[in-house]
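*Asks:* Shown below is the structure under consideration.
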Amino acid sequence: MDKFTTLTGLAAPLDRANIDTDAIIPKQFLKSIKRTGFGPYLFDEWRYLDHGEPEMDCTNRPRNPDFVLNQQRYQGAQVLLARDNFGCGSSREHAPWALLDFGIRVIIAPSFADIFFNNCFKNGILPIILPADQVDALFTAVSATPGYELTVDLEQQTISAADGTSYTFDVDPFRKHCLLNGLDDIGLTLEKVEQIKAYEELKKKETPWLFRG
Amino acid sequence: MKQTLYDKLWDSHVVSQNDDGTCLLYIDRQLLHEVTSPQAFEGLRLAGRKPWRIDANLAVPDHNVPTANRAAGISDPVSRLQVDTLDQNCREFGITQFGMDDPRQGIVHVIGPEQGATLPGMTIVCGDSHTATHGAFGALAHGIGTSEVEHVLATQCLIQKKSKSMLVEVEGELPAGLTAKDIVLAIIGRIGTAGGTGYTIEFGGSAIRALSMEGRMTVCNMAIEAGARAGLIAVDDTTIDYVKGRPYAPGAEHWEQAVASWKQLKSDPGAEFNRVVRIDARDLQPQVTWGTSPEMVVTINDKVPNPENETDPTKREGMKAALKYMGLEADTPIRDIQPEIVFIGSCTNGRIEDMRAAAAVARGRKVAANIKQALVVPGSGLVKQQAEQEGLDKIFIAAGFEWRDPGCSMCLAMNNDRLKPGERCASTSNRNFEGRQGQGGRTHLVSPAMAAAAAVTGHFIDVRELEVL
Ligand code: SF4
């Protein structure tokens, strides 16, 4: 996993609540057995006017001019502003994979769905929860100012912009540590092999029917 | 200290705990399917790791499988590759799989309980958000992402933090003709799709206790649609009777010991929850969703809501967008809405009881002329067998429904069963998101009885108005 320390990037607004993972990456793309290459199909049904299929070349597909991420001013965005309950629905990790592949490293919203929130951290994306009024203010600033960039500092837990905007955010200390250092969870857990084995020995006595092998 | 059921399940699975409350939680069962596992197996291979405990895993292809003419195989090469990849991975790592031709094949959340692979007191995970289903057994079950699937394969553990707890108490007798689906849609309508975010929900009360295991699974299945990763129901005799004798259930040598421990799996009287919601079952009416989120739900006797009456601007815009997508006018009576497609199936409503409920309405009737297709897709091969033994397939076919092979089918339309743009569907599945059942498709979530009633009348109707023939 890539480390996340600080980032200064263009922000793009996605002004809609309850954006589900089916919208982030529609099911036909879940047929891939790879982790990469989902970026061109991010928000496929909103982004293009035709129907997307896996492995399609997207360069000449008709774009939906009304979809915000298609606007010239938001090309290259790395920070996504969203509304409540972002990432609800299916547990598909293809959703953060698609966002990452598209270039998004930070998502700011008043709330996230649990599984999606968790999946982001596993892939080097930082989801940030801010109070609704601060998210509102960011939506206003981003819409009003072409090229509006945000600087996110994970160590300091701050978000700032050239116009003097500055907010702090909370992040779980363990997740912060993993993200700052790009740590692999499995490696960390395997440091506890002895504890896992001891647990299993205990449970084989207490609940033997759970161990059939 | 008085403990909730959630506390008990959590405490009995903690392997280690960090100062910040992050725990290493032991996982008793992992269910695998073809969509969210290939990258996990690939990760394992790349790191040169082996599964920690092969016997804790059970795999089945369900999302991509065809529900008609299965002998011909999967026509879409991308889908086929995914199913073949699961085959290969299971063979390489020695994991039990019910392949596409196995009579036990079915939707992962239907086969787990059916096989007794889902047991009270377990922790259960699957790379699928509807893993919440298994909580109906007093098991802590939740959906995980693919990185976590790999983590569980490699370590038999997950890194987790305990969530808050919510009790949803549904008291009173459910009116005849209503089902578990109506209960859970009403709950989601009440607390909202994000109402359960950060919580594990325990469903309790006399109306929940009165449900069969099938009904309880329907309720827990949709906990995720209320934002909760896990739903729970206390163990009682209904649970234990269901589990007894199933292939993966404890045999005679451990049965008494298992039952004794399962009987502890309920919240202590007076245990505290972070939030309590009470619902009176006697007030409920059949539920129908009108929008593109499961919380956009009303009763059959209501009208499509009017966004102008909504004061919150984000919500109002969301309602307008939903109406536009759904092709509906505000204030239209729900019973005037005419679906063209009917889908009965999914891990929410693809079990035998659901087949029976739909067949009871279909018996002696015909699918209405305006219905282009009415699909019945049993949740597993064994559900299909059972239904055929009861003659339900004949009832459906005589009425003009199609009787299919088991799989996820039109719940998410990864196989060939899908809505065309603009098509409107009465569906017993769990998500009415944009494009969920096919790009541009419009989904109304209902119970199996309500879906069958819509099929035979051509519009939504209170199933209680139809006489059972
Ligand atoms: S039936 Fe639908 S919700 Fe259930 S596992 Fe399959 S796709 Fe997911």
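*Asks:* For region A:3-54, with equal point scatterers placed on the C-alpha atoms only and solvent neglected, what are the log10 I(q)/I(0) values from the Debye formula at q = 0.31 1/Å, to two decimals?
*Replies:* Values returned for q = 0.31 Å⁻¹ are -1.22.
*Asks:* Please work out the Cα center distance from region B:1-61 to region A:6-84, rounded to the nearest Å.
*Replies:* 31 Å
*Asks:* Still on this model: Roll a 1.4 Å probe over the protein chains and send me the accessible area per residue for chain A in Å². Before the final figure, lay out each step's value.
*Replies:* Values: 8750 Å² over 213 residues.
Roughly 41 Å² per residue, with all protein chains present.
*Asks:* Averaged across A:80-86, how many Cβ atoms of other chains sit within 10 Å of each residue's Cβ atom?
*Replies:* Taking all residues of A:80-86 together, the mean is 3.
*Asks:* Would you give the gap between the C-alpha center of region B:97-173 and the C-alpha center of region B:311-351, rounded to a whole Å?
*Replies:* 29 Å
*Asks:* Across all directions of projection, what mean area in square nanometres is found for the Cα convex hull of region B:203-277? Could you put the intermediate results ahead of the total?
*Replies:* Working: hull surface 24.2 nm².
If I average the Cα hull's projected area over directions, I get 6.0 nm².
*Asks:* Jot down the radius of gyration and Dmax of region B:97-166, Cα atoms only, both in angstrom.
*Replies:* Calculated on Cα positions, Rg and Dmax stand at 12.9, 42 Å.
*Asks:* Give me the net charge for the shell around A:Phe174: Cβ to Cβ below 11 angstrom, other residues only, Lys and Arg +1, Asp and Glu -1.
*Replies:* My count for the surroundings of A:Phe174 gives -1.
*Asks:* Give me Rg over Rh for region A:86-213, both radii from the alpha carbons and Rh done the Kirkwood way, two decimal places. It would help to have the intermediate numbers written out before the result.
*Replies:* Numbers: Rg = 19.6 Å, Rh = 17.4 Å.
Looking at region A:86-213, the ratio lands at 1.13.
*Asks:* Given a 1.4 Å probe and every protein chain left where it sits, what share in percent of the accessible area of chain A is carbon and sulfur?
*Replies:* Carbon and sulfur together cover 50 percent of it.
*Asks:* Taking the Cβ of A:Arg92 as the centre, find all other residues whose Cβ is under 11 Å away and add up their charges (Lys, Arg: +1; Asp, Glu: -1).
*Replies:* Every neighbour counted, the sum reads -3.
*Asks:* Just which residues of region A:90-120 lose 10 Å² or more accessible area with every protein chain there, against their chain alone, with the probe set to 1.4 Å?
*Replies:* So the qualifying set is A:Ser90, A:Ser91, A:Arg92, A:Glu93, A:His94, A:Trp97, A:Phe112, A:Asp114, A:Ile115, A:Asn118, A:Asn119.
*Asks:* Given the rule -39500 (n - 2.57) for each run of at least 4 DSSP H residues, summed and divided by the residues of the protein assembly as shown, what is its mean residue ellipticity at 222 nm, to the nearest 500 deg cm²/dmol?
*Replies:* It lands at -9000 deg cm²/dmol.
*Asks:* How big is the charge dipole of chain A about its Cα centre, in debye rounded to the nearest 20, if each Lys and Arg gets +1 on its Cβ and each Asp and Glu gets -1 on its Cβ?
*Replies:* 580 debye
*Asks:* If you don't mind, another one. Under a no-solvent Debye model with one identical scatterer per Cα of region B:53-127, what's log10 I(q)/I(0) at q = 0.27 Å⁻¹?
*Replies:* -1.41
*Asks:* In Å and on Cα atoms, what radius of gyration and Dmax does region A:19-170 show?
*Replies:* In Å, with Rg to one decimal and Dmax whole: 15.4, 45.
*Asks:* First obtain the Kirkwood hydrodynamic radius of region B:396-443 from its Cα pairs, then insert it into the Stokes-Einstein equation at 20 °C and 1.002 mPa s, and state the resulting D in µm² per second as a whole number.
*Replies:* On the way: Rh = 11.2 Å.
Value of D from the Cα-based Kirkwood radius: 191 µm²/s.
*Asks:* Right, here's the next one. With every protein chain left in place, what is the accessible area per residue of region B:97-242 in square angstrom, probe 1.4 Å?
*Replies:* Normalised by residue count, the accessible surface of region B:97-242 is 19 Å².
*Asks:* Then there is this: Could you give the size of the charge dipole of region B:175-324 about its Cα centre, using +1 on the Cβ of each K and R and -1 on the Cβ of each D and E, expressed in debye and rounded to the nearest 20?
*Replies:* 260 debye
*Asks:* Find the percent of Cα-Cα distances in region B:147-238 that exceed 18 Å, and round it to a whole number.
*Replies:* Details: 2008 of 4186 pairs.
When all Cα pairs of region B:147-238 are counted, 48 percent exceed 18 Å.
*Asks:* State the three equivalent ellipsoid semi-axes of region B:326-469, derived from the C-alpha gyration tensor as the square roots of 5 times its eigenvalues, in descending order and whole Å. Please report the intermediate quantities before stating the final value.
*Replies:* Working: eigenvalues 99, 67, 27 Å².
Working through the eigenvalues yields semi-axes of 22, 18, 12 Å.
*Asks:* Can you give me the relative contact order of region B:1-152 as a percent, contacts being Cα pairs under 8 Å and 6 or more apart?
*Replies:* 27 percent
*Asks:* Compute and list, largest first, the equivalent-ellipsoid semi-axes of region B:1-158 from the alpha carbon gyration tensor, each √(5λ) rounded to a whole angstrom.
*Replies:* That gives 29, 18, 12 Å for the three semi-axes.
*Asks:* Given +1 on the Cβ of Lys and Arg, -1 on the Cβ of Asp and Glu, and no further charges, what dipole in debye does region B:309-385 carry about its Cα centre, rounded to the nearest 20? If you can, show how the numbers build up before the last one.
*Replies:* Working: 12 positive and 9 negative charges, 94 e Å.
The dipole of region B:309-385 has a size of about 460 debye.
*Asks:* To continue, here is another question. For region B:135-170, which residues drop by 20 square angstrom or more in accessible area between the chain on its own and all protein chains together (1.4 Å probe)?
*Replies:* In region B:135-170, residues shielded by partner chains: B:Gly145, B:Thr146, B:Ser147, B:Glu148, B:Glu150, B:His151, B:Thr155, B:Ile159, B:Lys161.
*Asks:* I need the calculated FRET efficiency for the pair B:Ala210 and A:Glu200, taking r as the beta carbon distance and R₀ as 56 Å, to the nearest 0.05.
*Replies:* Efficiency for this residue pair is about 0.90.
*Asks:* If we count every other residue with Cβ under 15 angstrom of A:Thr8's Cβ, Lys/Arg +1 and Asp/Glu -1, where does the sum land?
*Replies:* Charge balance in the 15 Å sphere: -3.
*Asks:* Compute the relative contact order of region A:6-163 as a whole-number percentage, counting only Cα pairs closer than 8 Å that sit 6 or more residues apart in sequence.
*Replies:* Averaging sequence separation for qualifying contacts and normalising by length gives 30 percent for region A:6-163.
*Asks:* While we're here: Which angle from 0 to 90°, rounded to the nearest 10, does the C-alpha axis of helix A:193-206 make with the longest principal axis of chain A?
*Replies:* Once rounded, one gets 60 degrees.
*Asks:* Just name one of B:Gly270, B:Leu119, B:Met319: the one whose Cα is farthest towards the positive end of the charge dipole of the protein assembly as shown (beta-carbon charges, Lys/Arg +1, Asp/Glu -1).
*Replies:* Looking along the dipole axis, the top candidate is B:Leu119.
*Asks:* Over chain B, what relative contact order in percent results from Cα pairs under 8 Å that are six or more residues apart?
*Replies:* 17 percent
*Asks:* For a 22 Å ceiling on Cα separation, which of these pairs sit above it: B:Lys164/B:Lys244; B:Lys2/B:Lys164; B:Lys324/B:Lys420?
*Replies:* Over 22 Å apart, Cα to Cα: B:Lys164/B:Lys244.
*Asks:* Whole number please: convex hull volume per residue of the Cα set in region A:76-141, in Å³?
*Replies:* 69 Å³
*Asks:* Could you list, bin by bin from short to long, the percent of Cα-Cα pairs of region B:319-411 in 5 Å steps?
*Replies:* That works out to 3, 14, 21, 20, 15, 11, 9, 5, 2, 0, in percent per bin.
*Asks:* Using only the alpha-carbon atoms, what does region A:46-118 span along each of its principal axes? Please give whole angstrom values in decreasing order.
*Replies:* Over region A:46-118, Cα extents along the principal axes are 35, 27, 18 Å.
*Asks:* A further question follows. Where does the Debye-calculated log10 I(q)/I(0) of the protein assembly as shown sit at q = 0.05 Å⁻¹, using only Cα point scatterers of equal weight, no solvent?
*Replies:* Result of the Debye calculation: -0.21.
*Asks:* From the residues B:Leu211, A:Gln134, B:Ala360, which one has its Cα farthest along the dipole of the protein assembly as shown in the positive direction, the dipole being from +1 and -1 charges on Cβ of Lys/Arg and Asp/Glu about the Cα centre?
*Replies:* The Cα lying farthest towards the positive end belongs to B:Ala360.
*Asks:* Let me confirm one metric for peptide A:15-21, namely the mean number of other chain beta-carbon atoms within 10 Å of its residues' beta-carbons.
*Replies:* Rounded to a whole number, the mean comes out at 6.
*Asks:* Once A and B are treated as a pair rather than alone, how much accessible area drops out, both sides summed, in Å² to 100, probe 1.4 Å?
*Replies:* 5500 Å²
*Asks:* For chain B, taking Cα atoms only, what is the radius of gyration to one decimal and the Dmax to the nearest whole Å?
*Replies:* Expressed in Å, the Cα Rg and Dmax of chain B come to 21.4, 64.
*Asks:* Now for a different question. In whole Å, what three semi-axes, largest first, describe the equivalent ellipsoid of region B:90-224 built from its Cα gyration tensor (square root of 5 times each eigenvalue)?
*Replies:* Values: eigenvalues 160, 73, 28 Å².
Over the Cα atoms of region B:90-224, the ellipsoid semi-axes are 28, 19, 12 Å.
*Asks:* List the lysines whose Cα sits under 29 Å from the Cα of B:Lys50, skipping any in the same chain fewer than 8 residues away.
*Replies:* Leaving aside lysines fewer than 8 places away in the same chain, those within reach of B:Lys50 are A:Lys3, A:Lys31, A:Lys34, A:Lys122, A:Lys176, A:Lys192, A:Lys197, A:Lys203, A:Lys204, A:Lys205, B:Lys161, B:Lys162.
*Asks:* Then there's this: On a straight-distance basis, which aspartates and glutamates could pair with B:Lys315 in a cross-link, Cα separation under 19 angstrom, same-chain partners fewer than 8 positions away excluded?
*Replies:* In chain and number order, the partners are A:Asp15, A:Asp20, A:Asp84, A:Asp133, A:Asp136, B:Glu225, B:Glu295, B:Glu329, B:Asp331, B:Glu434.
The values are calculated or read from the model by the stated rules, or taken from the named source; none is laboratory data. Source: prediction; values computed, not measured. No Cβ is skipped: glycine too gets one built from the backbone with ideal geometry, and neighbour counts run over all protein chains shown. Surface accessibility is based on the protein's heavy atoms, side chains included, excluding ligands, DNA and RNA. Shrake-Rupley method; radii C 1.70, N 1.55, O 1.52, S 1.80 Å.
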